[in-house]
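A short worksheet on the structure shown next.
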Amino acid sequence: LSPAVIALTNAADHHVLIAICIILLILPRTRRPFGIPISAASLGMTIVNNVVKVLVCRPRPEVVHLVTEGNYSFPSGHASGSMVLYGLAIWLIWHHAKAGASYSKKTALFLTVLLLIPLVLVGPTRVYLGVHFPTDILGGWCIGAVAIAVTVEVILAAEGRRARLAQTPDQNSTAPLAQAPDQNSTAPGSRSK
């Protein structure tokens, strides 16, 4: 199983995550709906993950490592990275599908199943490879879930603000003109000559 497990664990390697973010940012159709939120969430997750690693300083398991890893063990960067990238992508796909995206719900379902594979399986591969404890995976998933929650809140707040601005009448729009009194009309009580 080791070659297949190593191939699967590489789906959340930082080189792969960076490459996917760059591709999403380069392509005009994916830049705004996917590239910017996923890249921002991944960057925030990476910073928090590295800070927690330094604060906890947990050594890696003392077993045979089937891959070479440096740094500390808790939390798993692969677990948090896969949660943010693939989990947030799933949420964004369904969010845009509900908003009338150009793809169908069948496509959204297919992409969801496809993205769930690395999201769920990358974490256990890290334990199999001997480079993480199970609690490292849980910690990584939790950090990833928090990053997703924060990103979703920012997206929804921004969309709500845009919707409110769209409903607010433009200050520069022309108000209905007050009708000027007709110069030829006579005021009540006055006599025409």
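The values are calculated or read from the model by the stated rules, or taken from the named source; none is laboratory data. Quantities reported herein were computed from a predicted structural model and do not represent experimental measurements. Ideal geometry is used to build each Cβ from the backbone, glycine not excepted, and the neighbour counts take in all protein chains shown. Keep in mind that these areas ignore ligands, DNA and RNA; they rest on the heavy atoms of the full protein, side chains included. Shrake-Rupley method; radii C 1.70, N 1.55, O 1.52, S 1.80 Å.
Could you please find all residues in the range 138-158 being under 16 Å from W94 (Cβ atoms) and open to solvent by less than 60 Å² (accessible area, probe 1.4 Å)? Show your work before the answer.
Start the filter on the range 138-158 by keeping residues that are under 16 Å from W94 (Cβ atoms), which leaves 148-149, 151-152, 155-156.
Matches in the range 138-158: I148, A149, T151, V152, I155.
If a residue counts only when it is hydroxyl-bearing (S, T, Y) and closer than 18 Å to N10 by Cβ, which helices (runs of 4 or more DSSP H) contained entirely in the range 25-129 have at least 2 such residues? Before the answer, list the steps.
On the way: elements: 36-56, 77-82, 88-98, 105-128.
So the answer is 36-56, 77-82, 105-128.
I'm told S102 meets every condition in (1) among the small types (G, A, S); (2) without any contact (Cβ under 8 Å) to a residue 24 or more places away in the chain; (3) crowded, with 16+ Cβ neighbours inside 10 Å except one. Can you identify the failing condition by its number?
Only one criterion in (1) among the small types (G, A, S); (2) without any contact (Cβ under 8 Å) to a residue 24 or more places away in the chain; (3) crowded, with 16+ Cβ neighbours inside 10 Å is unmet by S102, namely (3).
Identify the single condition in (1) under 13 Å from the mean Cα position of the chain (by Cα); (2) farther than 19 Å from V146 by Cα that G44 does not satisfy, given that it satisfies every other one.
Every condition holds for G44 apart from (2).
For R162, only one of the following conditions fails: (1) in a helix (DSSP H, G or I); (2) modelled with pLDDT of 90 or more. What is its number?
Single failed check for R162: (2).
Out of the residues in the range 31-76 that are in contact with a Lys or Arg (Cβ under 8 Å, 6 or more places away or on another chain) and in contact (Cβ under 8 Å) with a residue 60 or more places away in the chain, state the one that is surrounded by the fewest Cβ atoms within 10 Å (Cβ to Cβ). Explain how you work it out, then say what you get.
Of all residues in the range 31-76, those in contact with a Lys or Arg (Cβ under 8 Å, 6 or more places away or on another chain) come to 69, 71-76.
Of the ones still in play, those that are also in contact (Cβ under 8 Å) with a residue 60 or more places away in the chain are 69, 73-76.
On the way: E69: 16, S73: 20, F74: 21, P75: 26, S76: 31.
Result: E69.
So, in the range 17-29, of the ones that are β-branched (V, I, T) and surrounded by fewer than 16 Cβ atoms within 10 Å (Cβ to Cβ), which residue ends up nearest to Y86 (Cα to Cα)?
Step one: of the range 17-29, the residues β-branched (V, I, T) are 18, 20, 22-23, 26.
Adding the requirement that they be surrounded by fewer than 16 Cβ atoms within 10 Å (Cβ to Cβ) leaves 18, 22-23, 26.
Values: I18: 13, I22: 15, I23: 15, I26: 18 Å.
Applying the filter and picking the extreme gives I18.
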